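The values are calculated or read from the model by the stated rules, or taken from the named source; none is laboratory data. The model shown is predicted, which means the values in this text are computed figures rather than measured ones. Every residue, glycine as well, gets a Cβ built from its backbone with ideal geometry; the counts of neighbours run over all protein chains shown.
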């Protein structure tokens, strides 16, 4: 059953709040309306092979912090809500965890963020890394799509060449991703995880049996949706499904970011 106890300290290391280090460079593929502003509602761009072109730098839509969630950045801090809670769109009875997962989730909550792997400069993992507030970049080719995440300067490969993960692969933070096109939707399947990452910052856990399916759909030039399905029968009795909403960054690019650079927080966490 989904707990109603949401008091957790959100501990995150963010990119420094300094002006962008790249000169602004507008994407020439984005047309301009009569008023001189970029037309973000223009038709979805197409790659040379006719598939929707997902390329670009993308930001998740951000919301105010949920009630009971505190952030070191202050009360007016905003983040994508599914970064905080992957079950935000579900009713309590729709979130049924196995006993071990429920007990571990409560332990994470009681630690008030101190046990969060991200608070100790470890990766967000999949699917969490796609829902965070720092931007990510899509680099698309016919046989391979690469996701470049600004936070921790992490990359992720999505293979479109028909390959499959080997049986019993070495468990990893981001898993092994393969993709296929279903019409104009890119469907990505990822397996082969370790069990060390959290699904969100509240601390929903998962097992190594986690299977994540992401459906990327670029609605137009400036907007993309990603439907995420989490399946982990060892931890959850039914799938968790939610949709992320992203907007295109028109004239900025990623910055280098490493959590361990000048990090001084971890010794002060209260367990």
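Filtering segment 84-98 to residues that are under 20 Å from residue 63 (Cβ atoms) and either modelled with pLDDT of 95 or more or in a loop (DSSP other than H, G, I, E, B) (or both) leaves 85, 86, 87, 88, 89, 90, 91, 95. When you check residue 216 against the structure, is it modelled with pLDDT under 95 and on the phi < 0 side of the Ramachandran plot, yes or no? In short, no. Annotation: residue 237 fulfils all but one of (1) modelled with pLDDT under 95; (2) surrounded by fewer than 15 Cβ atoms within 10 Å (Cβ to Cβ); (3) at negative phi; the unmet one is (1).
Of 117, 52, 66, 80, all but one fail to be more than 30 Å from residue 237 (Cα to Cα) and surrounded by 12 or more Cβ atoms within 10 Å (Cβ to Cβ); the exception is 52.
Please tell me if residue 53 is more than 18 Å from residue 134 (Cβ to Cβ) and at pLDDT 95 or above. Walk me through it before giving the result.
Numbers: more than 18 Å from residue 134 (Cβ to Cβ): yes; at pLDDT 95 or above: yes.
Here the answer is yes, as residue 53 does meet what is asked.
The single condition among (1) modelled with pLDDT under 95; (2) within 30 Å of residue 33 (Cα to Cα); (3) surrounded by fewer than 18 Cβ atoms within 10 Å (Cβ to Cβ) that residue 243 does not meet is (1). The set of residues in segment 83-94 being surrounded by 16 or more Cβ atoms within 10 Å (Cβ to Cβ) and in contact with a strand residue (DSSP E or B) (Cβ under 7 Å, 6 or more places away or on another chain) consists of 84, 86, 87. Could you tell me whether any residue of segment 99-112 is assigned to a loop (DSSP other than H, G, I, E, B), over 30 Å from residue 181 (Cβ atoms) and touching a strand residue (DSSP E or B) at 6+ places or on another chain (Cβ under 9 Å)? Among the residues of segment 99-112, at least one is assigned to a loop (DSSP other than H, G, I, E, B), over 30 Å from residue 181 (Cβ atoms) and touching a strand residue (DSSP E or B) at 6+ places or on another chain (Cβ under 9 Å), which makes the answer yes. Before we move on, is residue 129 under 30 Å from residue 45 (Cα atoms) and either touching a strand residue (DSSP E or B) at 6+ places or on another chain (Cβ under 9 Å) or surrounded by fewer than 19 Cβ atoms within 10 Å (Cβ to Cβ) (or both)? The answer is yes for residue 129.
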